[in-house]
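Here the structure comes first, spelled out in structure tokens, and everything after it is commentary.
Read the figures in this text as sums done on the coordinates, not as results from a lab. What you see is a predicted model; the values in this text were computed from it and never measured. Counting neighbours? That spans all protein chains shown, and the Cβs are built from the backbone with ideal geometry, glycine included.
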Amino acid sequence: MRIKKIVVGTLAAGGIGLASLGAGAGIASAAPTHQVTQQQQQQQWQQQRPTSQPGAVKRPDHRAFTYRGQRVQPQYSAAHHGWGFWFFGFWVPVVTR
């Protein structure tokens, strides 16, 4: 009975040890198919974010619309003396036609 208990305990500890080490971890090694370089990341960032103050937008009304791929909602600002919206830190005025 004592030997059986030792053998079962050893097998259980060995099984847990193998499971925690990951017996098949060396088999699966995937390489990324597309690596993005730092230069590509900078180009993508520059394309998305404006570097200068965008000009006024001419709209027939003040309803929400898509501006450069972003959904915007114009709002009235007394500080800016009219309607507009914030776009990446820039106030873009909206002029009705």
Note: T10 to H81 extended length (0.36 nm per residue) minus current alpha-carbon separation gives 17.6 nm
Figure the gain on full extension for Q53 and M1 (residue separation times 0.36 nm, minus the Cα-Cα span) and round it to one decimal in nm.
10.4 nm
Highest average packing first - 90-96, 71-77, Cβ atoms within 10 Å:
90-96, 71-77
FRET efficiency, Q39 to F65 (Cβ-Cβ, R0 25 Å, nearest 0.05)
0.15
For the stretch 55-97, alpha-carbon Rg relative to the globular expectation (2.2 N^0.38 Å, N residues):
1.03
